Amino acid sequence: MGPIAQQVESLRSYFNTGVTKELSWRRQQLNQLLTMTQTHQQDIVDALKQDLGKAEQESWLAEIGFLEDDIKHSLKHLAKWCKPRKLSTPMLAQPGSSWLQPEPLGTVLIIGAWNYPFQLLLAPLVAAIAAGNCAVVKPSELAEHTSALIARLLPRYLDSNAYAVVEGGVEQTTEVLKQKFDHILYTGGETVGKIVMKAAAEHLTPVTLELGGKSPCIVASDCDLDVTAARIVWSKWMNAGQTCVAPDYILVENAFVDKLTAAIVSKLDAFYGQNPAQSPDYGRIINARHLARLQSYLEGQKVICGGQVDENTRYMAPTLVQNPALDSPLMQQEIFGPILPIVELERIEQATDFINQRAKPLALYLYTRSQSLEQQILAGTSAGSVCINDGMMFMANPALPFGGVGNSGMGRYHGQWGFDTFSHIKAVMKRSTRFDIDWRYPPFSAKKMKMLKWVK
Ligand code: NAD
């Protein structure tokens with residue numbers, strides 16, 4: 001048995017002791033994770049700076065503060081989530097009661113992505129701990145500094161009998177995926193998502209796949225232009241566009257495109273200055289391969305702002321592309337970088353068809369004051385999440401589930417949704433033995449049948 005198999009086996013044995021099921025123990029582990037995050041805030045900021053050039057405030061908002069809020073939310077609601085959830089009981093089963101009883105799944109695997117390498121690995125872990133599981137976490141090797149930091153810190157703060165970090169790339173992930181887990185939560189691209197699902201099928205392990213895709217951003221001409229431009233620029237160019245829920249492209253009426261473009265350019269200037277390469281608030285591309293991929297998307301396109309690249313610092317300027325060819329890689333692949341194509345429509349109502357002709361997105365954004373357009377888009381399209389008049393802010397509400405639909409993923413987490421994902425929601429019925437009417441027992445008779453039909 002190899003070291004990874006041994007590690008998983010030892011987590012399984014520990015789960016069987018029942019320690020991780022204790023509510024007080026779950027609380028203590030969550031508090032330890034909170035202490036780790038708070039004590040090592042500067043180390044986390046430094047690692048994220050090295051991996052992605054993230055500004056401290058951005059790291060706090062989208063990684064450290066996000067995780068802290070998630071842990072505090074779980075601690076606050078944990079007792080309620082664990083309680084049996086009462087349900088009604090039909091007449092036929094009276095006297096009796098029915099309820100749902102959450103129980104931990106066992107030992108789970110969490111595979112993280114590189115773009116928010118701290119939060120995307122540890123927020124699912126919060127849910128797994130809250131639900132009473134043991135877990136293996138596998139950080140993305142592409143964010144190497146954050147991966148190393150997590151591997152160093154986690155065993156110091158959490159019970160190593162219950163939680164293990166496996167670092168590494170394809171080889172190690174392949175080995176981990178050979179093991180039997182009780183659930184796998186994977187965050188990343190579609191191609192590896194299929195590999196994960198195939199590996200999980202070998203053991204009939206259920207999966208949550210947090211994938212990506214092209215998230216559209218519909219901007220109607222009746223929007224509040226100034227606020228809209230600010231929110232688009234904030235949500236698109238945070239982390240240099242390397243965000244799974246960043247707006248991937250804009251849909252706008254051609255009569256309004258010039259105004260919108262000018263407002264976006266003006267906000268870019270206000271946020272990052274004339275030369276974003278010198279802004280301490282603007283991030284860097286994760287590696288040379290992704291920079292080259294993004295550069296190739298600009299071939300043959302009409303770049304109306306940005307486009308500059310510095311390979312030495314893995315910098316790519318915030319870039320706007322006007323009317324991209326719809327069959328070009330820019331419009332066929334998820335961009336996952338600082339390029340924002342602007343697609344013009346004759347009428348904004350055409351956005352529904354445009355979106356429905358493509359794979360279901362992870363997020364959909366709509367900027368408008370019109371209730372009827374809002375209703376039309378909500379009813380006429382499908383997406384993992386929708387945010388009206390803002391970008392990504394839905395992520396700040398732990399009461400909302402986070403997950404995709406169709407090609408953008410399956411399953412969900414955050415708050416109670418994460419707790420439920422890592423729990424088996426066991427159905428329980430309890431009957432009284434005080435009386436035992438014989439209608440359902442043989443020998444059957446017409447009278448018994450009549451009574452059964454009546455009681456149903
Ligand atoms: P990545 O390269 O970091 O890969 C993700 C994980 O898969 C890593 O831990 C990596 O080690 C593992 N992996 C890579 N190749 C593998 C293989 N052949 N076999 C087994 N494991 C392998 O991340 P990525 O795929 O570049 O991530 C980008 C994608 O992730 C985008 O599509 C983005 O939208 C999506 N994403 C989604 C979310 C979300 O929460 N829904 C968040 C972030 C990123």
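If the condition is being of a type in the set (Gly, Ala, Ser) and within 16 Å of the ligand (Cβ to nearest atom), then the stretch 145-168 contributes 147, 148, 151, 164, 168. Any chance the stretch 339-356 includes a residue that's within 30 Å of residue 210 (Cβ to Cβ) and in a loop (DSSP other than H, G, I, E, B)? Looking for residues that are within 30 Å of residue 210 (Cβ to Cβ) and in a loop (DSSP other than H, G, I, E, B), one finds none in the stretch 339-356, hence no.
Picking from residues in the stretch 102-125 that are assigned to a strand (DSSP E or B) and within 14 Å of the ligand (Cβ to nearest atom), the one that is nearest to residue 283 (Cα to Cα) is 111. Evaluate the following for residue 81: is it away from the ligand (no atom under 16 Å from the Cβ) and aromatic (Phe, Trp, Tyr)? Here the answer is yes, as residue 81 does meet what is asked.
State whether one or more residues within the stretch 256-267 are surrounded by fewer than 18 Cβ atoms within 10 Å (Cβ to Cβ), aliphatic (A, V, I, L, M) and either within 12 Å of residue 318 (Cβ to Cβ) or within 16 Å of the ligand (Cβ to nearest atom) (or both). There is at least one residue in the stretch 256-267 that is surrounded by fewer than 18 Cβ atoms within 10 Å (Cβ to Cβ), aliphatic (A, V, I, L, M) and either within 12 Å of residue 318 (Cβ to Cβ) or within 16 Å of the ligand (Cβ to nearest atom) (or both). Look at the stretch 434-446: where a residue is on the phi < 0 side of the Ramachandran plot and a partner is part of a loop (DSSP other than H, G, I, E, B), sitting 6+ places away or on another chain with Cβ atoms under 7 Å, you get 434/95. Would you check which residues across the stretch 439-456 are surrounded by fewer than 10 Cβ atoms within 10 Å (Cβ to Cβ) and either within 15 Å of residue 92 (Cβ to Cβ) or β-branched (Val, Ile, Thr) (or both) and list them? Of everything in the stretch 439-456, those that are surrounded by fewer than 10 Cβ atoms within 10 Å (Cβ to Cβ) and either within 15 Å of residue 92 (Cβ to Cβ) or β-branched (Val, Ile, Thr) (or both) turn out to be 441, 453, 454, 456.
Residues that are over 23 Å from the mean Cα position of the chain (by Cα), farther than 29 Å from residue 277 by Cα, at pLDDT 95 or above and not in a helix (DSSP H, G or I): does the stretch 311-325 have at least one? There is no residue in the stretch 311-325 that is over 23 Å from the mean Cα position of the chain (by Cα), farther than 29 Å from residue 277 by Cα, at pLDDT 95 or above and not in a helix (DSSP H, G or I). Do you know which of the residues in the stretch 20-57 that are over 19 Å from residue 239 (Cβ atoms) and basic (Lys, Arg) is surrounded by the most Cβ atoms within 10 Å (Cβ to Cβ)? The selected residue is 26.
Can you find, within the stretch 126-144, the residue that is surrounded by the most Cβ atoms within 10 Å (Cβ to Cβ) among those that are within 14 Å of the ligand (Cβ to nearest atom) and part of a helix (DSSP H, G or I)? So the residue we want is 127.
For the stretch 169-185, taking the residues that are part of a loop (DSSP other than H, G, I, E, B) and within 24 Å of residue 206 (Cβ to Cβ), the one that is nearest to the ligand (Cβ to nearest atom) is identified as 178.
Does the stretch 319-326 contain at least one residue that is within 16 Å of the ligand (Cβ to nearest atom) and of a type in the set (Val, Ile, Thr)? Break it down stepwise before answering.
In the first step, residues of the stretch 319-326 are kept if they are within 16 Å of the ligand (Cβ to nearest atom); the result is none.
No, the stretch 319-326 contains no residue that is within 16 Å of the ligand (Cβ to nearest atom) and of a type in the set (Val, Ile, Thr).
Taking into account only those residues within the stretch 213-271 that are assigned to a helix (DSSP H, G or I) and in contact with a strand residue (DSSP E or B) (Cβ under 6 Å, 6 or more places away or on another chain), which is nearest to residue 291 (Cα to Cα)? Please lay out each step first, then the result.
Here is the first cut: in the stretch 213-271, the ones assigned to a helix (DSSP H, G or I) are 225-241, 257-271.
Within this subset, residues satisfying the condition of being in contact with a strand residue (DSSP E or B) (Cβ under 6 Å, 6 or more places away or on another chain) are 228, 236, 257, 260, 265.
Values: 228: 28, 236: 17, 257: 28, 260: 27, 265: 22 Å.
Per the stated criteria, the residue is 236.
Looking only at residues that are outside any helix (DSSP H, G or I) and of a type in the set (Gly, Ala, Ser) in the stretch 391-424, which one is nearest to the chain's Cα centre (by Cα)? Once the filter is applied, the top-ranked residue is 403.
For the stretch 183-224, give me each residue that is of a type in the set (Lys, Arg) and without any contact (Cβ under 8 Å) to a residue 24 or more places away in the chain. Spell out how you get there, then give the answer.
So the first thing to find is which residues in the stretch 183-224 are of a type in the set (Lys, Arg), and the list is 194, 198, 214.
Within the stretch 183-224, 194, 198 qualify.
Determine, yes or no, whether residue 427 is in contact with a Phe, Trp or Tyr (Cβ under 9 Å, 6 or more places away or on another chain) and either more than 22 Å from residue 188 (Cβ to Cβ) or not in a loop (DSSP other than H, G, I, E, B) (or both). So residue 427 passes the test.
The values are calculated or read from the model by the stated rules, or taken from the named source; none is laboratory data. Note that this is a predicted model, so its numbers are computed, not measured. We place every Cβ from the backbone using ideal geometry, glycine too, and count neighbours over all the protein chains shown.
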